[in-house]
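*Asks:* What follows is a structure written as structure tokens; I'll ask about it next.
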Amino acid sequence: MIEINNKTKSKIDLALVKKTAEFFLRVYKKKKYEISIAFVGDRVIRKLNRNYRKIDKVTDVLSFPGEGIFLGEVIIDYAQIKRQAREFGSSVNDELVFILVHGLLHLIGYDDKTEKGAKEMERLGEKFILNFYDKN
């Protein structure tokens with residue numbers, strides 16, 4: 001089961017989000033797991049980042065691993081996604097998929113605290129996206 005909550009006033013392609021998450025769970029053999037995905041604004045993500053990571057600034061995504069059948073929760077700042085899409089010259093949906101996959105990779109144990117880990121996550125994310133768009 002995939003629960004998606006849009007706590008913003010923005011219109012988000014939730015069908016794309018669901019399709020991406022379903023494909024991710026299938027690829028990583030986690031189909032029986034449940035995840036929650038929430039879209040929030042700058043204020044909420046900054047507060048969460050400050051409370052949980054002791055970093056007082058806006059970020060694009062936070063992941064909170066779960067237990068048992070609940071794989072965890074991915075929280076995405078949609079306003080930040082839009083800013084990053086402009087900055088990187090990509091579409092909002094492409095940036096959204098990339099950041100969602102990044103957050104989901106965290107839920108299955110990947111970490112970007114080191115340069116090696118960050119490069120591995122980026123490589124896996126790009127590979128996943130190529131396969132996702134090829135299959136969908």
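*Asks:* Checking understanding here: applying a Kyte-Doolittle mean of at least -1.0 and a length along the axis of at least 18 Å (C-alpha), which whole DSSP H helices in the chain pass?
*Replies:* In the chain, the long hydrophobic H runs are 14-27, 92-107.
*Asks:* Just subtract the alpha-carbon distance of Ile129 and Asn51 from 0.36 nm times their residue separation and send over the number in nm, one decimal.
*Replies:* On the way: separation 78, 0.36 × 78 = 28.08 nm, distance 3.11 nm.
Full extension of this stretch gives 25.0 nm more.
*Asks:* How are the C-alpha pair distances of the stretch 63-123 spread across 5 Å bins, as whole percents from the shortest bin up?
*Replies:* 4, 18, 24, 20, 21, 10, 2, 1
*Asks:* Moving on to the next point. Where does the longest stretch of the chain lie that holds no trypsin sites (Lys or Arg not before Pro) found in a DSSP loop with 12 or fewer other Cβ atoms within 10 Å? Let's see the in-between values first.
*Replies:* Values: sites that count: Lys7, Lys9, Lys11, Lys29, Lys31, Lys32, Lys54, Lys57, Lys113.
In short, 58-112.
*Asks:* Where the only charges are on Cβ atoms (+1 Lys, Arg; -1 Asp, Glu), what is the dipole of the stretch 2-135 about its Cα centre, to the nearest 20 debye?
*Replies:* 240 debye
*Asks:* So if I restrict to the alpha-carbon atoms in the chain, what is the Rg, and what is Dmax, the biggest pairwise distance, in Å?
*Replies:* Both quantities, over Cα of the chain: 14.0, 39 Å.
*Asks:* Next question, about the same structure. Can you tell me how the stretch 6-53 classifies by the Cα gyration tensor, rounded, prolate or oblate, using a/c under 1.5 as the rounded cut?
*Replies:* Oblate is the answer for the stretch 6-53, as a/c is 1.5 or above yet b/c matches or exceeds a/b.
No value in this document is a laboratory result; all are computed from the given coordinates. Just so it is clear, the model here is predicted, and its values are computed rather than measured. Cβ atoms come from the backbone with ideal geometry, glycine included; neighbour counts cover every protein chain shown.
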